[in-house]
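Visitor: Got a structure for you, written out below as structure tokens; questions coming shortly.
No lab work stands behind these numbers, since they all come straight from the coordinates. Predicted model, so just to flag it, every value in this text is computed and none were measured. Note that each Cβ is placed from the backbone with ideal geometry, even for glycine, and that neighbours are counted across all protein chains shown.
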């Protein structure tokens, strides 16, 4: 009759469901092998820049009588900057991609940007 006179059920009262929130974890860091490989590829691109500087300057002396300096000088500086630009663009554009995609593009650049004037000894 009074306030607490209702019969109690055998089952306990349902507790409110716990709210599960997903914690956003920081992106996974690269492993040791990936970091060392990126360092090696970065060193290769740096050597390619030096190779294009040395090989391109020798090539510019050979072809300068045939072409206008306004064509040779920008092409030479673009060739020198190409390895650095490729490495930087690959690192920037593949930030959200899988690690293997980044390495594929870096290896493509290693073959594509080989300083042929330096390698062939022109």
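Visitor: Taking the C-alpha atoms of region 44-120, how large are the radius of gyration and the largest Cα-Cα span, Dmax, in Å?
Guide: Taking only Cα atoms of region 44-120, I get Rg and Dmax of 14.4, 48 Å.
Visitor: Please find the FRET efficiency linking residue 108 to residue 67, where r is the Cβ-Cβ separation and R0 is fixed at 30 Å, and quote it to the nearest 0.05.
Guide: Details: r = 29 Å, r/R0 = 0.97.
With a Förster radius of 30 Å, E is 0.55.
Visitor: Can you tell me, using C-alpha contacts under 8 Å and at least 6 residues apart, the relative contact order of region 44-120 as a whole percent? Intermediate values should be presented prior to the final figure.
Guide: Working: 56 pairs, mean separation 37.1, N = 77.
Worked out over region 44-120, it gives 48 percent.
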